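Beneath this line is the structure, given in structure tokens, with notes to follow.
Read-outs throughout are calculated quantities, based only on the coordinates presented, and are distinct from any laboratory measurement. Just so it is clear, the model here is predicted, and its values are computed rather than measured. Using ideal geometry, Cβ is built from the backbone for each residue, glycine included, and neighbour counts are taken over all protein chains shown.
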Amino acid sequence: MTTQYAIQITAKDTVGVNPAMPVPEIGPSQILLKVQACGICFSDTKLMHAFESHPRKSPILSGIDLEKLAAIPTYRPGSDPVVPGHEPVAVVAAVGESVTRFHVGQRVLVQTDYRHLPTASANGAFGYDFDGALEEYALVDEAMVIDPISGESYLIDVGDEPAASAVALVEPWACVETAYAWSERQHVKKGGSLLVVVDEGVEPLGLEDLVVAGEPSRFIRVGQAAGLEKAQERSLGELDGTFDDIVYIGADPETVETLSPFLGNRGLMAIVTCGRTFSREVSLDPGRVHYDLIRYAGTTSSNVLEAYSWIPATCDLRVGDKVGVIGAAGPMGLMHAVRTATAGVENVTLDAIDVDDDRLSRLHAVLEPIAAKAGTPTRIVNSRVTPLEPGVYTYVALMVPAPALLKQSVEVAGRDSIVNAFAGFAIGTMSPLDLNKIVGEHVYLVGTSGSRIVDMVTVLRRLEAGTVDTNISLDAVTGMAGVVDAIESVNNRTSQGKIMVYPYLHNLGLTRLVEMPEKMPKVAAALKDGLWTKAAEEALIAEETKE
């Protein structure tokens, strides 16, 4: 086969089917993958809207020999048309002569988030700056899929038993797992870059101890206080570069907004108000919380060390958490709700929150028996009918990238709470937030992007052991004929679950599972309680490939 069907994003908000995309020729260190199935993600629509301005579409800066990178035929940075799709399972179809870690016929779950290949503000990723899996054959290079430091493989072995759909859905479920398993920094970064900004008229405590603990390699101050004698003095207007830690002592909204862009990747701003209060809401960028992993913490006291003291060790659920999942009836919200219900954390309760009765009805049908079996008290809440009360949750997971809903998430969070902004806000989407509450009541805003190999393996093992059925999140299937419709459905949030693409089924249009009794009775007969199964997948393939 020299050509194939592929989906391509060719410009902002421009996506279509290419029925004659060349199958890439493999080089010595490259692997050709035959895609069995690939899920569609809301992140695909964000790539479509942002295209070359997406953080993962920009050129890779390091982590690979740049001449070797340029020789990879599926590398598509900047404005180059790209094949999306980062939730695949595939079989190795061919390998180059120098490939040693992989062999023809090997079935692999593809981890697509190449954290060892940094871009200007994120990292390289399959389906973003490399062609992804919404095509019949995808090509990767060993330099992409083998971490040069750990030696870990981004192509994870998987057996033949699970359905292709179930394996492909491991990636989004792993993104959810990452969102909880992520470790947080609870101290100033050792040997990092430190900026301390002190407003006039305040007398902070603990700065000397902070500096001794951090041993900063770069140390800048704006303003004066005891413990800053070794710092280089600057004004706000003279700041440049980025910092791992910014300690701001004061409560001026404009100063926080001025300092925030100077937070580097995984940077943390510790806000020490010394009893002062902010005069208005402060505009923060949740896109950077999500993609750049920046964090805000603080204290109303004068002791800078207390700003770090309450940061949680991880983003995970805690004993007794009262959890609210906002947007729970969407594809990812269901996964968060199921993960919460089955986490096995003592005395956790769950409110699964949405505003659409039809979607909530499906959520109830899927979630209720799972939560009942796990013994997790669960409510399905239509927040239009039952408004959420301030301060009632100790953990809020937000699925919808809307500033108004992020503001609401902070409002409904109580003392010592976590607000997990899982929704993929675009960088630059400013959201006005109540820093008096965030600092004064210890509301910790977190976010993560993508998944890690360890979390994919965790979910895969649960799938293989039968403790998790990732297919419960599947709402529809399609071949290439329906992918554009599927992307539009995800973009408009009309999908009630995940959509699975079988790229080699060229003529299959978008088909929801609830439509199958009428449209595909033989496939529908293999569903279990209306949910997708391996038998249904096999029936679909047999039906669509028969002569």
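Structural remarks
- Seen from Ile380, the other residues with C-beta closer than 11 Å to its C-beta sum to a net charge of -1, counting Lys and Arg as +1 and Asp and Glu as -1.
- Positive end of the dipole of the chain (Cβ unit charges, origin at the Cα centre): among Pro22, Ile64, Leu406, the Cα lying farthest that way belongs to Leu406.
- Loop trypsin sites (Lys or Arg not before Pro), region 216-298, which have at most 12 other Cβ atoms in a 10 Å radius of their Cβ (DSSP): Lys230, Arg280
- Computed E for Asn492/Lys528 - FRET, C-beta separation, R0 25 angstrom, nearest 0.05: 0.30
- For Asp44, Asp469, the sequence from fewest to most other C-beta atoms within 10 Å is Asp469, Asp44.
- Spin-label pair Glu238-His187: with each label point 7 Å from Cα along the Cα-Cβ axis, the two points sit 3.2 nm from one another.
- In a simple Cβ point-charge model (Lys, Arg +1; Asp, Glu -1; nothing else charged), region 496-541 has a dipole of about 60 debye relative to its Cα centre.
- Counting neighbouring beta carbons within 10 Å and listing from fewest to most, the residues Cys38, Cys315 come out as Cys315, Cys38.
- Listing Thr494, Thr533, Thr2, Thr258 from fewest to most neighbouring C-beta atoms within 10 Å gives Thr2, Thr494, Thr258, Thr533.
- Computing P(r) over Cα pairs in 20 Å bins from 0, in percent directly from the structure and comparing it against [x] 19, 51, 28, 2; [y] 22, 52, 24, 2, 0; [z] 19, 47, 25, 8, 1 singles out [y].
- Dipole magnitude of region 396-460 about its Cα centre (Cβ charges: Lys, Arg +1; Asp, Glu -1), debye to nearest 20: 80
- Cα gyration tensor shape of region 193-309, rounded if a/c is under 1.5, else prolate or oblate by comparing a/b with b/c: rounded
- With eigenvalues of the C-alpha gyration tensor scaled by 5 and rooted, region 322-446, Å: 23, 16, 12
- Shape call, region 438-493: gyration tensor on alpha carbons, a/c limit 1.5: oblate
- Lys/Arg +1, Asp/Glu -1 at C-beta; region 427-535 dipole; positive extreme among Ala535, Gly509, His442: Ala535
- If R0 equals 22 Å, the separation of the Cβ atoms of His103 and Ser62 corresponds to a calculated FRET efficiency of about 0.15.
- Dipole in debye (nearest 20) - the chain, about Cα centre, beta carbon charges: Lys, Arg +1; Asp, Glu -1: 540
- Net charge of Cβ neighbours under 10 Å - reference Arg415; Lys, Arg +1; Asp, Glu -1: -1
- Working from Cα pairs under 8 Å separated by at least six residues, relative contact order for region 193-309 is 27 percent.
- The lysines whose alpha-carbon is closer than 24 Å to the alpha-carbon of Lys34, local same-chain residues fewer than 8 away aside, are Lys57, Lys68, Lys498, Lys534, Lys546.
- Taking the helices alone, the chain has a mean residue ellipticity at 222 nm of -7500 deg cm²/dmol, built from -39,500 (n - 2.57) per DSSP H run of at least 4 residues and averaged over all its residues.
- Percent antiparallel among DSSP beta bridges (both partners in the chain, rounded to 5): 45
- Extended-chain gain in nm, criterion 0.36 nm per residue less alpha-carbon gap, Glu441 and Glu543: 31.0 nm
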